[in-house]
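The values are calculated or read from the model by the stated rules, or taken from the named source; none is laboratory data. Worth saying up front: this structure is predicted, and the values here are computed from it rather than measured. So basically every Cβ, Gly included, is an ideal-geometry build from the backbone, and we count neighbours across all protein chains shown. Surface accessibility is based on the protein's heavy atoms, side chains included, excluding ligands, DNA and RNA. Shrake-Rupley method; radii C 1.70, N 1.55, O 1.52, S 1.80 Å.
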Amino acid sequence: LIGWFYRLHPLAHGDDQRSFMTLGLVCVWSARLTHSYFRRERWQFGWREDWRFTDMKTKSPRSWWLLSFFAAFLSQQPMLIGLTLPLWAVHFGPACTVEWSEVDMLANFLCITGIVVAFIADTELREFMEGNEALQRRGLKKMLLLDDGLWGRCRHPNYFGEQLWWWSMGLFGCVCGAPLTLLGTAFNSAIMAHVTMLTESRMLNTGGKARRKAYADYCERVPVLFPVQLPDLPSVAELTGQE
């Protein structure tokens, strides 16, 4: 909606091809995220509450009515504005009339890649959860964790796909002469990093002992976000040939 607001604003004067391409990408991204949400919620509104909000409500029951306003609702607004700043640049940036270029093509490709990665990761997670539900109905032991497919490449492939999407969208802002729009993307990434820490802390401190140990081992062998394990850097002693 924010993107279309920029597009339909009477003072918008960006390149039409870039405008429609970015808005088309946003529509595809929105459809994927909406589908993922309703599939997770069993095609109902609010089938379950986000566990992070449940924890906050449990810890602060008396002040939750006020805390939720800031933590669950108001906090979303600066994130939305920050994330959509590249779309503002596409329609109002100092170089928004520049013609479609190779950088636009790269940003377009990376945006689609991010959407596909997030979709595959969410689908793998959904199939894992459905598989465990089937095992439980049959009275069998559930699988401890998902560690194959994209989830065997990094611990949060859905987050990786989402971050790849937003940083690639930020490239359009750079093309339009407004690289500072990436500050909104960076703010979102900082929030995502905090959410990732909360998620991993919960996995390492809740559930049975076997599940906690399996996840700790998983953390040891699988990188947290990027699906490529960086090699260990040599020590100073190794570089200088000293013992």
Next item on the list: Give me the accessible area of residue 151, 1.4 Å probe, in Å² rounded to the nearest 10.
Entry: 20
Next item on the list: Go ahead and estimate [θ] at 222 nm for the chain from helices alone: -39,500 (n - 2.57) per DSSP H run with n ≥ 4, summed, over the residue count, rounded to 500.
Entry: -21500 deg cm²/dmol
Next item on the list: Could you state the angle between the C-alpha long axis of helix 182-205 and the longest principal axis of the C-alpha atoms of the chain, as a value from 0 to 90 degrees rounded to the nearest 10?
Entry: 10
Notebook entry, point to check: Roughly how many debye, to the nearest 20, is the charge dipole of segment 112-208 about its Cα centre, given +1 on each Lys and Arg Cβ, -1 on each Asp and Glu Cβ, and no other charges?
Noted result: 260
Next item on the list: Starting from the residue with the highest accessible area, list 129, 143 in decreasing order, probe 1.4 Å.
Entry: 143, 129
Next item on the list: Count the net charge of all other residues whose Cβ sits under 15 Å from the Cβ of residue 13, scoring Lys and Arg as +1 and Asp and Glu as -1.
Entry: -1
Next item on the list: Keeping all protein chains in place, calculate the accessible area per residue for the chain (probe 1.4 angstrom), answer in Å².
Entry: 62
Notebook entry, point to check: Where the accessible area of segment 62-184 is counted over protein heavy atoms with a 1.4 Å probe, how much of it, in %, is carbon and sulfur?
Noted result: 69
Check: Which is farthest toward the positive dipole end of segment 84-139 among 136, 103, 93, measuring Cα position about the Cα centre, with Cβ charges +1 (Lys, Arg) and -1 (Asp, Glu)?
Finding: 136
Check: Rounded to the nearest 20 Debye, what is the dipole magnitude of the chain about its Cα centre when Lys and Arg each give +1 and Asp and Glu each give -1 at the C-beta?
Finding: 1420
Margin query: Taking each pair of distinct Cα atoms in segment 26-91 once, what is the resulting Kirkwood hydrodynamic radius in Å?
Written below: 14.3
Checklist line | Net charge dipole size for segment 8-144 [Lys, Arg +1 and Asp, Glu -1 on Cβ; Debye, nearest 20] | finding: 1080
Item checked: Segment residue 51-residue 127, length gained on full extension (0.36 nm per residue, minus Cα span) -> 25.3 nm
Notebook entry, point to check: Taking all pairs of different Cα atoms in segment 1-123, averaging 1/r and flipping that mean, what Kirkwood radius in angstroms comes out?
Noted result: 17.1
Checklist line | Förster-model FRET efficiency, 45 Å R0, residue 135 and residue 1, C-beta, rounded to 0.05 | finding: 0.60
Next item on the list: Could you sort 187-194, 159-166, 216-223 so that the peptide with the highest average Cβ count within 10 Å comes first and the rest follow in order?
Entry: 159-166, 187-194, 216-223
